[in-house]
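All of the numbers you see were taken from the coordinates with simple rules; none came from a lab. Note that this is a predicted model, so its numbers are computed, not measured. Cβ placement follows ideal geometry from the backbone for every residue including glycine, while neighbour counts extend to all protein chains displayed.
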Amino acid sequence: MSRKDEITNRIIEICLISLIIFTPLALGTVQPWSIFVMRIVVVVALIAWLIKILFQPANRQTNLPNVKWRSTPLLLPLSIYLFIAIISTIISPYKWISLNLLANLFVYTAVYFMIINNLKNKAQIKRIITIMLLFSLFLGIYGLLDYFNILVITPRVSGGIRATSTYYAPNYWAGYLAMITPIAIALFLFSPWSWYSILTILLSILLIINLAFSYSWGIVGFGVGVIFLTLVRIHFSKRKKITTVIAILTLTSFAVLGALSMLSQTPRLPEKNLAERYFHMKRWAPHNLEVRLFMYKKTIPYILDHPYLGTGLGTFIYAFPQYRPPERRNLWNYAHNDYLQISSEMGLIGLVAFLFFVITAWVKGFKALKSASGFIRAAIVGILAGILSILVHGFFDANLSVIPANILYFYILIGLLMVLASSVRSTTNQSTIKR
């Protein structure tokens, strides 16, 4: 590797790490200034990548740089999704709003392609994942300090009743946790026992307590992700009975931990005993679900009126009021459901394209599990569980269509998953050739 390649690779990796740290820290990157910073960082990384390409040794026949482009099975589904987003933006009555979100979509896509073309060894991937987990440790500690009113720096829309850490709203903090926590658990379950395992289990406990205090439906998505982790762990174990017992005990421990966190007396919800706390939760959950069901019911006619390409990216907040009963004057700027949100703004064609993209990624990653081992297997399982968790959470919230920080993390996880799957395929092919 030339000196120029080393420098450009380092710039790209620093930019990626900066995005991992900055986007959740900037309140989920929902404000214009933070979105601008996110875009600038990606542009810097793209320039470094372009310089790297231009300084490649020239091909003797064409006299052009030998551009090394790593193929990806997601090129087709991602291209279709982007194409539909462009068409949806063209027909949008609110062009500036739609163009703004389309620009963000290109940013996420650019980050994905930079990951699969510039992260090429296990050390780089391990470094990125370790930084993600260390940063989640910081966010988790601050989340509890903020929740217990010990250190309050960032604003909250929930009035401090629910944990939000550096995010505006608890549901988006829960979305972040649903993606990251399964990775920490997977590294504990699938890696050899060491001090790193102790750190990952402690981190998992910290993040689960945060998730419980967020009182979010994200706990459902996380639960599905943990069940997936448990089943995979049992499948790959040679001693299935012992592993099943340990896995069930671990799963039960996490569930009890979350329940105790939610039901215990806290400064924000100071019910005197577990019974009162339980009845508070019993009242809160049905009301919260009723609001969501109302949104879903009213969003469906909206989608049916614009079934093919929707009303344009970011237009839900402007189009939905005509489907809302006059007595309901609350400002709802999203559908509380990723799939309804995408369908309303990009149509059912857009939803199919999105599902084609994520299902292809998940299936490719899942297939790589069979031949993976060690850290790579742990990372693949954790990322698969994180993606599954946020997709299930998508039935209750709109993390993957509204919150830039969480959308960016989703694309980063998919990029890492594809790199890991590619490395497994390469190792398998080399073994086959040697035989």
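Brief remarks follow.
- Length gained when the stretch Trp33-Lys95 is fully extended (0.36 nm per residue, less Cα-Cα span): 20.3 nm
- FRET efficiency, Ser197 to Gln322 (Cβ-Cβ, R0 45 Å, nearest 0.05): 0.25
- Averaging the sequence gap over all C-alpha pairs within less than 8 Å and six or more residues apart, then dividing by the number of residues, gives segment 3-146 a relative contact order of 26 percent.
- In sequence order, segment 134-142 has phi-based couplings of 4, 5, 5, 4, 4, 5, x, 5, 5 Hz under the Karplus curve 6.51 cos²θ - 1.76 cosθ + 1.60, θ = phi - 60°, and Gly or Pro positions carry x.
- A Förster radius of 51 Å, combined with the Cβ-Cβ distance separating Arg239 from Ile51, puts the computed FRET efficiency at roughly 0.45.
- Residues in segment 9-40 that a label on Lys120 would reach, taking backbone N under 20 Å of a point 7 Å out along Cα→Cβ: 9-17
- Label-point gap, in nm, between Lys297 and Leu82 - each point 7 angstrom along Cα→Cβ: 4.1
- Counting neighbouring beta carbons within 10 Å and listing from fewest to most, the residues Phe316, Phe222 come out as Phe316, Phe222.
- Fewest-first ordering of Asp305, Asp338 by other beta carbons within 10 Å of each residue's beta carbon gives Asp305, Asp338.
- When the Cα gyration tensor is reduced to axis lengths a ≥ b ≥ c, the ratio a/c is 1.5 or higher for segment 85-213, and with a/b not above b/c it is classed as oblate.
- A Förster distance of 22 Å, applied to the separation of the beta-carbon atoms of Ile40 and Ile153, puts the FRET efficiency at 0.35.
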